[in-house]
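Reviewing the structure listed below.
Computed from the coordinates by the stated procedures, all read-outs in this text should not be read as laboratory data. This is a predicted model, so every value here is computed, not measured. Neighbour counts run over all protein chains shown; Cβ positions are idealised from the backbone, glycine included.
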Amino acid sequence: MTYFLGLDQGGTKTTAIVGDECGRILGMCSSFGAVHSIDGMHRAMEASRLATGEALSHAGITYGDLYGIYGGVSGIDWEYERPLVEEAFRREFPVKRVCIINDCLIAMRAATHSPQSAVICAGTGVNCAVRNGEQEIVFGYYIPDSLQGGNAIGMRAVQKVFDAQAGVGEETMLTELLLEYFKSENVDQLLRKYVEKQIPQHEITALPRLVEEAALAGDHAADEVYADFARGIVPYIHAGMRKLGILDRNVDVVLSGSIFKCRAKGLQETVRNCILEKAPFANIIDAEYEPIIGAYLLGLEDYGKADLRMIEHRLGEQKKLYKISRKEWR
């Protein structure tokens, strides 16, 4: 039997999954998040070692049993970074083959095998990628901080509250939700905390759940937070499709990441509408699988002997299995 290890590493967590050539998921584990360009290569390798070691233990195999390690890693945004990270993995892990790509590309592969496809991957941060079968574009650092996923949505929510208090924006239930969340008696106190940088960044990044709550209750300002984010990010998909000559073709566009899992559907609907305005033949796909499955599928494609149709069917049957917690694998 041939075994493959898929890896998904970002700033929030590092996840590893072990599967065989028949599509059976045998082990899975997560460790802490790390981005090599921010936290350092040593820290990124430490997170990978913890996740992969336990996933292999759950599967009952060793590194020597693996065909290879296939991963999507946050921070591979410049040409020199991919060989740098792959070499670090080769030094760290005794495996025959290593293939590491940008993490948004494994999110794309988890949802579609079409050679003409695109992805918006929105979680703590955000990235977009487009491919046409011969070339691919990953936007990476071209996307500004003002559009970086959970942080961007959180910042917009805070500004809606400030605008409402100043009288230049509509009243919103976000005011009550944010005052309670930040333990502030009034908006002036919240503003002072914000200006004096007393609010940790991770608390801003966690605000999308409050935006979701307000949107589900019919709050228009919350809907506008989503709409503004959507209108900002979709032009990157259009630009990539235009550059690669597929703007007028049938292209699978994948929406992946925690931001697109919100129960309030305003964000997804606005993204869909914005995409279809200039790419009328696009097929919008809500990601069914986590990106880690895309890493595993890359390994199977590299192997070249697996029945991918059968495997993807089997993955669907095991969907609940690879969403279980680390403790439940024991």
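Under 8 Å for C-alpha pairs, at least 6 residues apart: give me the relative contact order for region 200-314, rounded to a whole percent.
27
If the elastic network links every pair of Cα atoms under 10 Å, which of GLN148, GLN116, GLN201 fluctuates the most in the Gaussian network model of the chain?
Evaluated over the chain, the most mobile residue of the options is GLN201.
Using a Gaussian network model of the chain whose springs link C-alpha atoms within less than 10 Å, name the residue from ALA129, ALA55, ALA279 with the highest mean-square fluctuation.
ALA279
Note down the relative contact order for region 105-174 as a percent, whole number, built from C-alpha pairs under 8 angstrom at least six residues apart.
On the way: 80 pairs, mean separation 13.8, N = 70.
It rounds to 20 percent for region 105-174.
Which of the aspartates and glutamates could a cross-linker span from LYS278 if the Cα-Cα distance has to be under 16 Å and same-chain partners fewer than 8 positions apart are dropped?
ASP248, ASP252, GLU269
Treating cross-link reach as a plain straight distance, find the aspartates and glutamates whose alpha-carbon is under 13 Å from the alpha-carbon of LYS193, omitting any fewer than eight places away in the same chain.
GLU185, GLU203
Looking at this model, which pairs from LYS96/LYS305; LYS243/LYS265; LYS160/LYS183 are more than 26 angstrom apart at the alpha-carbon? Mind showing how you got there, number by number?
Numbers: LYS96/LYS305 17 Å; LYS243/LYS265 30 Å; LYS160/LYS183 18 Å.
In this structure, LYS243/LYS265 lie more than 26 Å apart at Cα.
Given labels modelled 7 Å from the Cα in the Cβ direction, how far is it in nm from ARG249 to TYR181?
4.1
Which residue fluctuates the most in the chain, going by a Gaussian network model with Cα springs under 10 Å, if the choices are ASN186, ASN151, ASN102?
Checking each option, the largest mean-square fluctuation is seen for ASN186.
Taking neighbour Cβ counts within 10 Å as the exposure measure, how do CYS104, CYS99, CYS128, CYS29 sort from fewest upward?
Working: CYS104 30, CYS99 17, CYS128 26, CYS29 21.
Fewest-to-most ranking of CYS104, CYS99, CYS128, CYS29: CYS99, CYS29, CYS128, CYS104.
Which whole-number percent is the relative contact order of the chain (Cα, under 8 Å, 6+ apart)?
Values: 627 pairs, mean separation 72.1, N = 330.
Normalised by residue count, the contact order of the chain is 22 percent.
Averaging over all projection directions, find the projected area of the Cα convex hull of region 121-246 and quote it in nm² with one decimal place.
About 8.6 nm², averaged over all directions.
Label 7 Å along Cα→Cβ of ASP65; region 28-48 residues with amide nitrogen under 16 Å?
Answer for region 28-48: 28-29.
Calculate, for THR2 and ASN283, the FRET efficiency according to 1/(1 + (r/R0)^6) with r their C-beta to C-beta distance and R0 51 Å; round to the nearest 0.05. Walk me through the numbers before you get to the answer.
Values: r = 32 Å, r/R0 = 0.64.
That pair, THR2 with ASN283, gives E of 0.95.
For region 101-248, give the magnitude of the charge dipole about the Cα centre (Cβ charges: +1 Lys/Arg, -1 Asp/Glu; no others), in debye to the nearest 20.
On the way: 12 positive and 20 negative charges, 129 e Å.
Using Cβ point charges on Lys, Arg, Asp and Glu, region 101-248 gives about 620 debye.
For region 28-88, take N as its residue count and report Rg(C-alpha) divided by 2.2 N^0.38 Å. Can you show the working numbers first?
Details: Rg = 12.3 Å, N = 61, 2.2 N^0.38 = 10.5 Å.
Working it through for region 28-88, the quotient is 1.18.
With unit charges on the beta carbon (Lys/Arg positive, Asp/Glu negative), name the residue among THR270, VAL187, GLY218 whose Cα is farthest towards the positive pole of the charge dipole of the chain.
Projecting each Cα onto the dipole axis, the largest value belongs to THR270.
Given (i) 32, 62, 5; (ii) 31, 55, 14, 0; (iii) 23, 47, 26, 4, 0 as candidate values of P(r) over Cα pairs in 20 Å bins from 0, in percent, which corresponds to the one derived from the coordinates?
(ii)
Between GLN201 and SER258, what is 0.36 nm times their sequence separation minus the Cα-Cα distance? Round to one decimal in nm.
Contour length minus the Cα-Cα distance gives 18.8 nm.
Charges at C-beta only: +1 for Lys and Arg, -1 for Asp and Glu. How large is the resulting dipole of region 74-145 about its Cα centre, in Debye rounded to 20? Before the final figure, lay out the partial values.
On the way: 7 positive and 10 negative charges, 75 e Å.
For this selection, approximately 360 debye.
Report the Cα centroid-to-centroid distance between region 235-285 and region 4-44 in angstrom, as an integer.
Measuring centre to centre over Cα atoms gives 27 Å.
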